[in-house]
Amino acid sequence: MSSVADFKQEQQFETFSYLPALTSDEIRAQIQYIISQGWNPAVEHVEPEGAGRNYWFMWKLPFFGEQSVDTVLSEVEACHREYPDHHIRLIGYDNYTQSQGTSFVVYRG
C-alpha cells in the first residue's frame with residue numbers, strides 16, 4: 001500500500017503542469033493558438049528555487065505582432081540553451097484586456 005509520501009511532490013505552475021509534458025507538436029499548437037488570438041508571445045525564465053515568485057526574468061521583449069511559430073519557438077529554445085537549468089515559460093499577452101491570455105511552462109529546470 002502506497003502513501004502520499006511515496007509520490008514525488010512537484011511544484012505546479014499553470015493548468016498544463018497538471019498534465020503530462022507537452023510534446024513538440026503540442027507546444028507548436030499552443031504557439032499557433034497564441035498567434036491566432038492576436039496575442040503577443042513572450043518568453044520568461046527563472047531558476048527553480050525562485051519559481052514561486054510573482055515575477056520571472058524576461059527573455060528579450062515580447063514579440064509584438066509576431067506571426068511565425070518558428071520564430072517564437074526558436075526564441076524559446078535559445079532561452080533554454082542559455083539557461084538550461086531554469087524553468088522556461090511562454091506567455092501570450094492580450095492587448096485588449098491588457099493581461100495574460102495564457103501562460104505555460106515549456107521547460108522545467
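Bear in mind that the values in this text are calculations on the coordinates, not laboratory data. Since the structure is predicted, the reported quantities are computational estimates derived from the model, not experimental observations. Note that each Cβ is placed from the backbone with ideal geometry, even for glycine, and that neighbours are counted across all protein chains shown.
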Given (1) 26, 15, 14; (2) 19, 17, 13; (3) 97, 13, 8, which label gives semi-axes √(5λ) of the Cα gyration tensor in Å as computed from the coordinates? (1)
Longest principal axis of the chain (C-alpha) makes with the long axis of helix 24-36 (C-alpha) an angle, in degrees to the nearest 10, of 40 degrees
What nm distance separates the two modelled labels at E14 and Q37, each placed 7 Å from Cα along Cα→Cβ? 0.8 nm
Once the Cα atoms of helix 69-82 and of the chain are each reduced to a long axis, what angle between those two axes, in degrees from 0 to 90 to the nearest 10, is obtained? 50 degrees
By the mean-Cβ-within-10 Å protection proxy, highest first, 61-69, 83-91, 16-24, 98-106 rank as 83-91, 98-106, 61-69, 16-24
